[in-house]
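**Student:** Structure below; questions to follow.
What follows draws every value from the coordinates through simple rules; no lab data is involved. Note that the structure is a prediction, hence the values are computed from the model and not measured. Here the Cβ positions follow ideal geometry from the backbone for every residue, glycine too, while neighbour counts run over all protein chains shown.
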Amino acid sequence: MPKTFLIDTTRCTACRGCQLACKEWHDLPANETKQTGSHQNPPDLNPNNLKIVRFREHLDKDGVVVWNFFPDQCRHCLEPPCKGQADTSVEGAMIQDEKTGAVLATEKTAQLSEEDAQSVIEACPYNIPRLDKKTKRLTKCDMCFDRVSAGMQPICVKTCPTGTMAFGEREDMLNMARNRLETVLKEFPKAFLADYKDVNVIYLLAEEKEHYYEYAAS
Amino acid sequence: MKSTRRSFLKGVGAGVFCLTLGQLGFDLGEAKAYAGSLKIEGAKEVISVCPFCSVCCQVIAYVRDGKLVSTEGDPDFPVNEGALCAKGAALYSMYTNDHRLKKPMYRAPNSDKWVEKDWDWTLKQIARRVKDARDKDMILKNGKGQTVNRLESIFWMGTSHASNEECAVIHQALRGLGVVHMDHQARV
């Protein structure tokens, strides 16, 4: 059984500890960004940000603002379409670790032609991989594979101060997800576990995915 | 090696329970190579405290050969239980950032340039200016003629990490000068 994340967005306060911790662990530099009128910063995933917290707001039926936070990252799919696509051009560019289920973009992704790299990006139902123009490699969350291999938690999970994120054996996480959903449903009747049968990063969303991000669920 | 379902079952039947994934044709080398070595492996763990707010989350600083290599929350500390916010999570960058100040910097009135100064000069300047400001601006009585002994032209910026005892000393010193505006960095 692979490892699984549970990300309960109803607990997220968008402190962005996970986003920063990810940058620090992976030694990724800062981005130069502009004020765009949103707290979402940087505006999208990029080779320097393998994880970002997305912000989206809307008015509910009573005219009250609902502000949703979505800590976006690779879902480490049980059957990753990115790997399937990459295998057709460069074997070993995208790999899946059998023990943890981690889907990894290796240095061989640099051997993908620009077109093939684009196909891999487009194969992802969650719009995750990004092409690093300098190294020509595809970049994305690697489940902190070095940490997990050493028996540690991914740094985003370790850092989360609100209990939004959990990480462990898939079976345990599924149980935790079901229990948590039961509780959350009392307050948010539309809550659901996004694509939980297909992915190792399970999001608990309080309402339709459109109120979080187009690619929050497939 | 080619492995059909039939030969696999035969293998199990023959008591080969410890058939590894490698034998089934998965290349385990790639994932292993990806993991590489853990950057904190063999580093000394030094307990420190996040400097940003008064929650005082404890952090583990990983030090190798006298150099900081990584920081993360201390799971054994009951206040933060290993967690950190965005500011605390970025402590390593605070240490490595080239914007970090290591020496006193001075910008003269109306100048647009910062100049490096030594501590001796800086402390003397501070003492001089506090004295001058106080001599000039001290308010002894208010409009109604009541004694107030107030100095409104100096603001004290402290730190949320000052202990109770330090706060008492700072407070007494500033009240002694008549300073009434005091705050600390976690609120700005």
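**Student:** Would you compute, for the Cα atoms of the stretch A:81-142, the largest minus smallest coordinate along each principal axis and list the three values in descending order, in whole Å?
**Tutor:** Answer, in whole Å and largest first: 30, 22, 21 Å.
**Student:** Looking at the calculated P(r) for the stretch B:56-188, what percent of the C-alpha pair distances fall above 20 Å?
**Tutor:** Here the tail beyond 20 Å accounts for 67 percent of pairs.
**Student:** Right, another one. Compute the angle between helix A:170-187 and the longest alpha-carbon principal axis of chain A, please, reported from 0 to 90 degrees and rounded to the nearest 10.
**Tutor:** Approximately 30 degrees, to the nearest ten.
**Student:** Considering chain A as a Gaussian network with a 10 Å cut-off on Cα pairs, which listed residue, A:Lys51, A:Lys190, A:Lys34, attains the greatest mean-square fluctuation?
**Tutor:** A:Lys34
**Student:** Distance between the C-alpha centers of the stretch B:68-111 and the stretch B:147-181? Whole Å please.
**Tutor:** Going from one Cα centre to the other spans 26 Å.
**Student:** Note down, for the protein assembly as shown, the three equivalent ellipsoid semi-axes (square root of 5 times each alpha carbon gyration tensor eigenvalue), biggest first, whole angstrom.
**Tutor:** 51, 25, 21
**Student:** Excluding residues fewer than 8 places away in the same chain, name every one of the aspartates and glutamates whose C-alpha is closer than 17 Å to that of A:Lys186.
**Tutor:** A:Asp8, A:Glu207, A:Glu208
**Student:** Leaving out same-chain residues fewer than 8 places away, which lysines sit with a Cα under 28 Å from that of B:Lys102?
**Tutor:** By straight Cα distance, B:Lys102 reaches A:Lys23, B:Lys39, B:Lys44, B:Lys67, B:Lys87, B:Lys113, B:Lys117, B:Lys124, B:Lys131.
**Student:** Something else: Checking the cross-link filter: which lysines have an alpha carbon closer than 19 Å to that of A:Lys190, excluding same-chain neighbours under 8 positions apart?
**Tutor:** Cross-link targets: A:Lys61, A:Lys209.
**Student:** If amide H atoms are built 1.01 Å from N in the plane of the peptide, which residues on other chains or at least 5 residues away come under 5 Å of the amide H of A:Val201?
**Tutor:** For A:Val201, whose amide H was placed from the backbone, the distant partners under 5 Å are A:Phe5.
**Student:** Nearest 10 degrees is fine. How inclined is helix A:114-123 to the longest principal axis of chain A, computing both from alpha carbons?
**Tutor:** Rounded to the nearest ten degrees, it is 30.
**Student:** So if I place +1 on the C-beta of Lys and Arg and -1 on the C-beta of Asp and Glu, and nothing else carries charge, what would the dipole magnitude of the protein assembly as shown be about its Cα centre? I want it in debye, nearest 20.
**Tutor:** 1120
**Student:** A further question on this structure: With a Cα-only, solvent-free Debye model of the stretch A:29-173, what are the log10 I(q)/I(0) values at q = 0.09, 0.13, 0.16, 0.19 Å⁻¹?
**Tutor:** Evaluating at q = 0.09, 0.13, 0.16, 0.19 Å⁻¹ gives log10 I(q)/I(0) of -0.33, -0.68, -0.97, -1.22.
**Student:** Same structure, new question: Can you show me the helix-derived [θ] at 222 nm for the protein assembly as shown, built from DSSP H runs with n ≥ 4 at -39,500 (n - 2.57) apiece and divided by the number of residues, rounded to the nearest 500.
**Tutor:** Rounded to the nearest 500, the figure is -8000 deg cm²/dmol.
**Student:** Something else about it: Out of residues 5 or more away from A:Phe167 or on other chains, whose amide H comes under 5 Å of its own, with H placed 1.01 Å from N in the peptide plane?
**Tutor:** Residues meeting the criterion, in which the H sits 1.01 Å from N, are A:Leu6.
**Student:** A follow-up question, please. For the stretch A:111-191, build the convex hull from the C-alpha positions and give me its volume per residue in Å³.
**Tutor:** Per-residue hull volume (Cα only) is 154 Å³.
**Student:** I would also like to ask the following. Using mean Cβ contacts within 10 Å as the protection proxy, how do A:211-218, A:59-66, A:17-24, B:74-81 order, highest first?
**Tutor:** Ranking the peptides A:211-218, A:59-66, A:17-24, B:74-81 by packing returns A:17-24, A:211-218, B:74-81, A:59-66.
**Student:** When you look at the Cβ of every residue in A:21-32, what mean number of other chain Cβ atoms sits within 10 Å?
**Tutor:** 4
**Student:** Residue by residue through the stretch B:103-110, what is 3J(HN,Hα) from phi via Karplus (6.51 cos²θ - 1.76 cosθ + 1.60, θ = phi - 60°)? Round to whole Hz and write x for glycine and proline.
**Tutor:** Values, residue by residue: 9, x, 10, 10, 10, 5, x, 6 Hz.
**Student:** How large is the dipole of the stretch A:81-142 about the Cα centre if only Lys and Arg carry +1 and Asp and Glu carry -1, each at its Cβ, rounded to the nearest 20 debye?
**Tutor:** Roughly 260 debye, rounded to the nearest 20.
**Student:** B:Arg129 to B:His171: extension gain in nm, 0.36 nm per residue of separation minus the Cα-Cα distance?
**Tutor:** 13.2 nm
**Student:** Next question, about the same structure. What fraction of the DSSP beta bridges in the protein assembly as shown is antiparallel, stated in percent and rounded to the nearest 5?
**Tutor:** Once the DSSP bridges in the protein assembly as shown are tallied, antiparallel ones form about 80 percent.
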